[in-house]
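Peer 1: This structure is in structure tokens; I'll ask about it shortly.
The values are calculated or read from the model by the stated rules, or taken from the named source; none is laboratory data. Since we're looking at a predicted model, the values are computed, not measured. Neighbour counts are summed over all protein chains in view; Cβ atoms, including those assigned to glycine, are modelled from backbone coordinates with ideal geometry.
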Amino acid sequence: MFSKNSPNPRTDAFSPKLSRVVREGAIAIVLFLAAFSSVATTFAILEILVQESVGFFQKVPLVEFFTATEWTPLFAEPRYGILPLLSGTLVTSVIALVVAIPLGTIAAIYLSEFATPRLKEIVKPCLELLAAIPTVIYGYFALLFVTPVLQKIYPDLPGFNMLSAGLVMGLMIMPLISSISEDAMRSVPLELREGSAATGATRLQTALRVVFPAALSGVTASYILGTSRAVGETMIVAIAAGLQPNLTWNPTQEAATITAYIVQVSLGDLPYGSLEYKTIFVAGLTLVLLTLVLNIIGHFLAKRYREIY
Amino acid sequence: MSQAQNRQALTDFNLKELRTNIERRQLISGAFAILGLIIILVATFILLGLIFQMMTQGIPRLTPQFFLSFPSRNPEEAGILSAWVGSALVMLVTAIAAIPLGVASGIYLEEYARKGWLADLIEINVTNLAGVPSIVYGLLALGLFVGKLNLGQSVLSAGLTLALLILPVVIVTTREALRAIPNILREAAYALGASKWQMISDHILPYSVGSILTGIIIGLSRAIGETAPVITIGALTFIAFLPDSPFKGDFPFISFEWLKAPFTVMPIQMFNWVSRPEPEFEINAAAAGTVLIFMTLSMNAIAIYLRYYFRKGIKW
């Protein structure tokens, strides 16, 4: 029997050494700091954008920002209305989504419900490869290949236009949407499909009335992701849609998006801290808020339509 | 309803109508399948056609001289030397910054984090960061690295920016890789007296290194093609000199001057040539695009191959 005063030699031998405890703790702290750095990044983004925007709004009233119909910060008589940039962003994004959402969804349904496993094995990596092509190359396609083709159909089309940028952007987003939607549909349990088939439904009916609704939250997530990609896409629109802010809803016109404006300003040499310098941060903040709103809508849509099985 | 009545009702029902109904529905279903296949094929072929067209324009321009010349006003003399050297250096900084940070974050979230608001906060945050438009990272870098930290419009700023940009990719793939390792391995390591870190570094990481590598390569391939954030930092489009060599003849043999050098990268060089009005530069743009697409696609192909290879190799 060991006395109470003398330390227990057995537990002593098995209890970890102090150095080991310290090392383990230090490693845990370092790993935590690394993980926390991503939160710090988010705060840094918000801090920088808000700080520069506050400086901007001290000079430019909010009313002008939201109602003025011209965005000409680099002119001698600057006007600061965000509407032209917003209209450019919306038109190009809508064109892209009109292409990407229906095509991407049909492709996803086909891949998940109809395609043979072998075909899927070929197509899936191809989709990943297409998603990896740098956007500057898509911009090149839009300006130098797609626009000339469109000009043959519609001769009045200017060299820079939102239509061609939007179409190519849709082609770029389609693999993203179909890939994520397919993942969502594939994770729907097989019993649901079997049950539907047992009641006499064809594959298409099963796909549209059973699998698609069951996977809707994942599918919505892919749409939202595609939308934020379209809204935040920069190089395609900067190359093919032009850099001229233009308040128009006509897709055959040239118009700058929020992102294209940031590129245009960055290409020049602006003095640090000037009002023009601050405008790109305001544009960036608008962009972040836009994607944030989209994500929140998507989150609630996904929740609202989620089918629990 | 009695059985007799039931049978009567069935015969009354027009069997022919039922059959045509089924046939029609099967036809629609089959037509849809064909439509799906056509959409996939057409979209793929349009893209492949565009890539092919670019390559046929660009490949004749891919002479050794093109790789060894600086950009120039004269399209025939212009080359991508400063661009690919810049891309390589920026990628080096990005990899050095993003790999340890991303893998460490992934390990923390998967192996250390306890369920709670802090883990949730980090997790939601990583998801959100993945959705932030890339140009916003450029604004962050402009305000923080260039403006506040005074790192200048340099290789270092660009590398760090792209590291932040691909961090979510690295974190998410690290987590997925770790999650795929069965728990029995962890329990076995603990049973032999390993500490948590010994368990992770000696057992879990070696098994997941293949999948983690895949994620890192995909992240880097994304970084190499990113244009917008690098433009925002203020990368120049016309650079006719190379950054300082990292190797020196005299002590201490390496130098870090190149980190502070102004630079350009491949996608910016291509963007610059695309936006020139002279059509001669289009050929240069096509050539640069061919090189760029070759870089990203080969990186991705390696990643896809690695993933299949490691998936096949490991059987639990």
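Peer 1: Go through (1) buried (at least 21 other Cβ atoms within 10 Å of the Cβ); (2) away from chain B (no Cβ under 14 Å); (3) of a type in the set (D, E, K, R) for A:Lys152 and report which single condition fails.
Peer 2: Among (1) buried (at least 21 other Cβ atoms within 10 Å of the Cβ); (2) away from chain B (no Cβ under 14 Å); (3) of a type in the set (D, E, K, R), A:Lys152 violates only (1).
Peer 1: Still on this structure, I have one more. If I ask for residues that are without any contact (Cβ under 8 Å) to a residue 24 or more places away in the chain, in a loop (DSSP other than H, G, I, E, B) and more than 13 Å from every other protein chain (Cβ to nearest Cβ), which ones from segment A:161-210 would you list?
Peer 2: Listed by number, the list is empty, since nothing qualifies.
Peer 1: Name the single residue, out of those in segment A:262-277 being in a helix (DSSP H, G or I) and more than 10 Å from every other protein chain (Cβ to nearest Cβ), that is surrounded by the most Cβ atoms within 10 Å (Cβ to Cβ). Step through it out loud before you land on a result.
Peer 2: First pass over segment A:262-277, keeping only residues in a helix (DSSP H, G or I): A:262-267, A:275-277.
Still in the list and also more than 10 Å from every other protein chain (Cβ to nearest Cβ): A:275-276.
Numbers: A:Leu275: 17, A:Glu276: 15.
Of everything passing the filter in segment A:262-277, A:Leu275 is surrounded by the most Cβ atoms within 10 Å (Cβ to Cβ).
Peer 1: Restricting the first residue to segment B:140-162 and requiring it to be within 19 Å of B:Pro267 (Cα to Cα), which pairs with a second residue that is modelled with pLDDT under 85 and among the basic types (Lys, Arg) meet a Cβ separation below 6 Å and a spacing of at least six or different chains?
Peer 2: That search, which allows pairs on different chains as well, returns B:Ser154/B:Lys260.
Peer 1: Outside any loop (DSSP other than H, G, I, E, B), at the interface with another protein chain (Cβ under 10 Å from one of its Cβ atoms) and out of contact with any strand residue (DSSP E or B) (no Cβ under 8 Å at 6 or more places or on another chain): does that describe B:Ala119?
Peer 2: Spelling it out, B:Ala119 is indeed outside any loop (DSSP other than H, G, I, E, B), at the interface with another protein chain (Cβ under 10 Å from one of its Cβ atoms) and out of contact with any strand residue (DSSP E or B) (no Cβ under 8 Å at 6 or more places or on another chain).
Peer 1: I want to confirm something. Restricting to segment B:257-296 and keeping residues that are over 17 Å from B:Gln153 (Cβ atoms) and among the β-branched types (Val, Ile, Thr), which single residue is surrounded by the most Cβ atoms within 10 Å (Cβ to Cβ)?
Peer 2: B:Val274
Peer 1: Right, next: Return the pairs, sorted by first residue and then second, in which the second residue is at pLDDT below 85 and loosely packed, with under 12 Cβ neighbours inside 10 Å, the first residue lies in segment A:14-35 and is under 22 Å from B:Leu164 (Cβ atoms) and within 8 Å of chain B (Cβ to nearest Cβ), the beta carbons are less than 8 Å apart, and the residues are 6+ apart or on different chains.
Peer 2: none
To keep it simple, each residue is scored yes or no on (1) of a type in the set (S, T, N, Q); (2) over 30 Å from B:Ile283 (Cα atoms).
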residue	(1), (2)
B:Thr20	yes, yes
B:Gln26	yes, yes
B:Ala31	no, yes
B:Leu37	no, yes
B:Phe45	no, no
B:Leu48	no, no
B:Gln53	yes, no
B:Ile59	no, no
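Peer 1: Looking at segment B:91-102 only, could you name the residues that are within 14 Å of another protein chain (Cβ to nearest Cβ) and in contact with a Leu (Cβ under 8 Å, 6 or more places away or on another chain)?
Peer 2: Across segment B:91-102, the qualifying residues are B:Met91, B:Ala97, B:Ala98, B:Leu101, B:Gly102.
Peer 1: If you don't mind, there's one more thing I want to ask. Which pairs turn up if I take residues in segment B:4-26 that are surrounded by 10 or more Cβ atoms within 10 Å (Cβ to Cβ) and look for partners that are at pLDDT 80 or above with beta carbon separation below 7 Å, at least 6 apart in sequence or on another chain?
Peer 2: The qualifying pairs are B:Arg25/A:Thr202; B:Arg25/A:Gln205; B:Gln26/A:Thr202.
Peer 1: Would you call B:Gly131 modelled with pLDDT under 90 and either within 26 Å of A:Thr257 (Cβ to Cβ) or crowded, with 20+ Cβ neighbours inside 10 Å (or both)?
Peer 2: Working: modelled with pLDDT under 90: yes; either within 26 Å of A:Thr257 (Cβ to Cβ) or crowded, with 20+ Cβ neighbours inside 10 Å (or both): yes.
Against the criterion (modelled with pLDDT under 90 and either within 26 Å of A:Thr257 (Cβ to Cβ) or crowded, with 20+ Cβ neighbours inside 10 Å (or both)), B:Gly131 qualifies.
Peer 1: Output the qualifying pairs, or none if there are none: Cβ atoms under 7 angstrom, residues six or more apart or on different chains, first residue in segment B:92-110 and not assigned by TED's automatic domain parsing to the domain that holds B:Val209 and at pLDDT 90 or above, second residue surrounded by fewer than 21 Cβ atoms within 10 Å (Cβ to Cβ) and of a type in the set (D, E, K, R).
Peer 2: The qualifying pairs do not exist here.
Peer 1: Okay, moving on. What number of residues within segment A:115-128 satisfy the criterion of being facing chain B (nearest Cβ under 7 Å) and crowded, with 19+ Cβ neighbours inside 10 Å?
Peer 2: Counting residues in segment A:115-128 that are facing chain B (nearest Cβ under 7 Å) and crowded, with 19+ Cβ neighbours inside 10 Å gives 1.
Peer 1: Sort out for me the helices (runs of 4 or more DSSP H) sitting completely within segment A:50-134 that have 1 or more residues that are at pLDDT below 80.
Peer 2: A:62-67, A:117-131
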